[in-house]
Amino acid sequence: MKRILAVQNTIMGKPIEEEIFQKKFRNSFHKIQLNILFTASWIESQHLAVFKKYTISPQQYNVLRILRGSNPLPCSIQIIRSRMLDKMSDTSRIVVRLQKIGLITRTTNLKDRRSAQVSITLKGLTLLRDMDPEESNFDNLASNLSNDEADQLSFLLDKLRD
């Protein structure tokens, strides 16, 4: 058993027990929840360092990414909200901030003032293009997994949310 753990530690990070200094868990389901939360926090901290460099938040980046994906077609705020990774984000407020710094445009529908069409600007596209090399660094966060392992992990996480 010690040999297996020694081999595991040479090819992967420390086990969750060592990372959080906790040896006992209620059960395997408790352990995996803590491991997912810990790992998500670790990934988020890596992303935050990049976003800080570009002076945007993860939620702002997410909106820009969504708008780049739909470009040249605009998106409504409702569509953006439905595609956000963080469903608790205040999309309207994020859109206002991005508009103030010139990364997006927002056009209000004259017939329905509650409806607005949002598009990414050239300045927003340039920012994302400048950030694109960082995407490779994000991918490298999981480089110790094979493609098959990454697909399996993604499948299991999808299954967990089902």
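The values are calculated or read from the model by the stated rules, or taken from the named source; none is laboratory data. Predicted, not measured: the structure shown is a model, and the values here were computed from it. Cβ: placed from backbone, ideal geometry, glycine included. Neighbour counts: every protein chain shown. When the accessible area is computed, the model is the full protein with side chains, heavy atoms only, and any ligands, DNA or RNA have been set aside. Shrake-Rupley method; radii C 1.70, N 1.55, O 1.52, S 1.80 Å.
Just a few scattered comments:
- Excluding same-chain neighbours fewer than eight residues apart, the lysines reachable from residue 23 by a Cα-Cα span under 21 Å are 2, 14, 31.
- Built amide H within the under 5 Å cut-off of residue 76, gap 5+: 118
- When the Cα positions of 96, 57, 40 are compared along the charge dipole of the range 1-138, 96 comes out farthest toward the positive end, with charges on each C-beta of Lys, Arg, Asp and Glu.
- Set of lysines near residue 53 by C-alpha distance (under 26 Å), chain-local residues within fewer than 8 positions excluded: 87, 100, 123
- Mean residue ellipticity, 222 nm, helices only, the chain: the sum of -39500 (n - 2.57) across DSSP H runs of n ≥ 4, divided by residue count and rounded to 500, is -20500 deg cm²/dmol.
- Relative contact order (percent, whole number), the chain, Cα cutoff 8 Å, 6+ residue spacing: 18 percent
- Per-pair calculated FRET efficiency, R0 = 25 Å: residue 139 and residue 38 via Cβ, rounded to 0.05: 0.75
- A value for Cα Rg over 2.2 N^0.38 Å was derived from the coordinates, and within the list (i) 1.19; (ii) 0.95; (iii) 1.32 it appears as (iii).
- Each principal axis of the Cα cloud of the range 76-117 was evaluated for its coordinate range; sorted largest first, these ranges are 30, 22, 12 Å.
- With each label modelled as a point 7 angstrom along the Cα→C-beta vector, the residue 23-residue 76 pair spans 5.8 nm.
- Surface composition of the range 1-155: carbon and sulfur make up 57 percent of the accessible area, probe 1.4 Å.
- Close amide H contacts of residue 104 (hydrogens built in the peptide plane, cut-off under 5 Å, sequence separation of 5 or more or a different chain): 99, 121.
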